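Every number here is computed from the coordinates shown, using simple stated rules; none is lab data. Predicted model only: the values in this text are computed from it and were never measured. All Cβ positions, even for glycine, are placed from backbone atoms using ideal geometry, and neighbour counts span all protein chains on display.
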Amino acid sequence: MSEINLGTPAQNTWCPGCGNFAIMNAIKAVLTELSAEGVPLENIVLVSGIGCHAKIVDYLNVNSFYSIHGRATPAAEGIKLANPKIKVICFAGDGDAYGEGIEHLIFAAKRNIDITMIIHNNRVYGLTTGQYTPTSPTGFKGRSTPQGTKEPPINPLELMLASNASFLARGTSHGMELLKKIFKEAILHRGFSLVDVLQVCVTYFNMYEYYDKRVYEIKDHDAADYNQALQKVREWDYNADKPIALGVIYKKDAPVFEEKLTARDTAGREAKIRGILKTFI
Ligand SMILES: Cc1ncc(C[n+]2csc(CCOP(=O)(O)OP(=O)(O)O)c2C)c(N)n1
Ligand code: SF4
Ligand SMILES: [Mg+2]
């Protein structure tokens with residue numbers, strides 16, 4: 001495979017040992033593979049929210065849009081709708097996508113827009129130094145909850161399944177090979193795909209040992225079967241001490257949103273985009 005340089009001169013400021021490195025290395029490997037297989041990298045746009053995870057777009061030499069906290073999903077949707085030929089890969093934090101931006105995520109899944117969401121789910125606000133997020137376990141002690149959180153976490157995969165997502169998977173930052181496989185499948189999937197990555201934040205919530213003891217790769221599972229998928233996502237609720245399934249949990253073929261748009265829906269789209277761009281360039 002011919003070597004392409006996906007790195008940038010930006011100084012990396014992630015903590016040594018941060019799980020974001022595994023996500024970045026896995027995506028670099030997948031983009032290199034896709035490019036070798038004929039997918040032009042200029043047809044890929046990366047989007048990120050705000051948080052430690054978001055810096056990934058600074059470190060990858062691919063067209064990208066650094067959006068704002070809680071609004072990574074609509075930015076990704078806007079890019080897809082402006083030019084449906086583009087593959088949009090969106091990196092978002094758990095605070096970003098499952099907290100402030102949760103409504104956008106639900107509606108993106110509902111309409112089955114063809115974007116890939118990679119969630120760096122470290123179960124903590126990393127950049128703002130350790131507050132609890134919607135996926136922090138009950139009792140999590142952080143900056144904003146010194147006595148421990150009183151609420152249970154949400155189960156984002158169960159929520160996404162109920163919201164009509166057409167591809168759902170889970171990986172960890174301690175399993176590069178699986179991560180690469182899942183990322184590639186998610187990116188090639190036509191429709192809304194989401195990969196929940198249990199990305200370890202070594203500084204504010206170091207879960208390496210906890211995950212290493214509990215994760216297993218899914219086998220003998222029919223990802224096309226909604227009920228089996230529901231059973232799989234309910235096996236671990238992000239709280240209880242249970243085995244944690246990794247791999248592709250759900251996958252279905254369904255019409256994508258952008259294909260349903262008629263000529264009337266998209267009339268004048270290009271002129272409008274050019275008009276908006278003129279105000280920036
Ligand atoms: C609209 C808005 N709300 C809040 C913030 C403050 N803020 C910046 S990063 C962040 C938390 C990031 O957490 P997460 O999305 O989990 O990403 P991580 O740093 O863990 O990768 C918050 C609350 C902001 N910059 N903008
Ligand atoms: S604070 Fe946590 S998530 Fe942020 S760079 Fe450091 S280890 Fe990674
Ligand atoms: Mg986070």
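When the residues of the range 166-214 are narrowed to those that are under 25 Å from residue 38 (Cβ atoms) and of a type in the set (Ser, Thr, Tyr), which ends up nearest to ligand 1 (Cβ to nearest atom)? Steps first, please.
Of the range 166-214, the ones under 25 Å from residue 38 (Cβ atoms) are 166-167, 169, 176-193, 195.
Keeping just the survivors that are of a type in the set (Ser, Thr, Tyr) gives 166, 193.
Numbers: 166: 24, 193: 19 Å.
The residue in question is 193.
Checking residue 130 against (1) buried (at least 21 other Cβ atoms within 10 Å of the Cβ); (2) among the small types (Gly, Ala, Ser); (3) over 17 Å from residue 233 (Cα atoms), which test does it fail?
The failed condition is (1).
Which members of the range 106-125 meet the condition of being within 14 Å of ligand 2 (Cβ to nearest atom) and closer than 16 Å to residue 196 by Cβ? Working first, answer last.
If we filter the range 106-125 for residues that are within 14 Å of ligand 2 (Cβ to nearest atom), which is where we start, we get 119-125.
119, 120, 121, 122, 123, 124, listed by residue number.
One line per residue, one yes/no per condition, for (1) away from ligand 2 (no atom under 16 Å from the Cβ); (2) under 19 Å from the mean Cα position of the chain (by Cα):
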residue: 8; (1), (2): yes, no
residue: 12; (1), (2): no, no
residue: 21; (1), (2): no, yes
residue: 25; (1), (2): no, yes
residue: 34; (1), (2): yes, yes
residue: 40; (1), (2): yes, no
residue: 49; (1), (2): no, yes
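Do you know which of the residues in the range 22-51 that are outside any helix (DSSP H, G or I) and over 18 Å from residue 73 (Cα atoms) is farthest from ligand 3 (Cβ to nearest atom)? First the steps, then the outcome.
Filtering the range 22-51 for residues outside any helix (DSSP H, G or I) gives 37-40, 44-51.
Filter again for over 18 Å from residue 73 (Cα atoms), leaving 37-40.
Details: 37: 32, 38: 35, 39: 29, 40: 32 Å.
Per the criteria, the residue is 38.
This table checks each residue for (1) in contact (Cβ under 8 Å) with a residue 12 or more places away in the chain; (2) outside any loop (DSSP other than H, G, I, E, B); (3) under 15 Å from residue 235 (Cα atoms); (4) not basic (Lys, Arg).
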{"site": "150", "(1), (2), (3), (4)": "yes, no, no, no"}
{"site": "154", "(1), (2), (3), (4)": "yes, no, yes, yes"}
{"site": "164", "(1), (2), (3), (4)": "yes, no, no, yes"}
{"site": "177", "(1), (2), (3), (4)": "no, yes, no, yes"}
{"site": "181", "(1), (2), (3), (4)": "no, yes, no, no"}
{"site": "186", "(1), (2), (3), (4)": "yes, yes, no, yes"}
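Could you tell me which of the residues 269, 264, 274, 234 is under 22 Å from residue 178 (Cα atoms) and surrounded by fewer than 17 Cβ atoms within 10 Å (Cβ to Cβ)?
Checking each option against the conditions leaves just 234.
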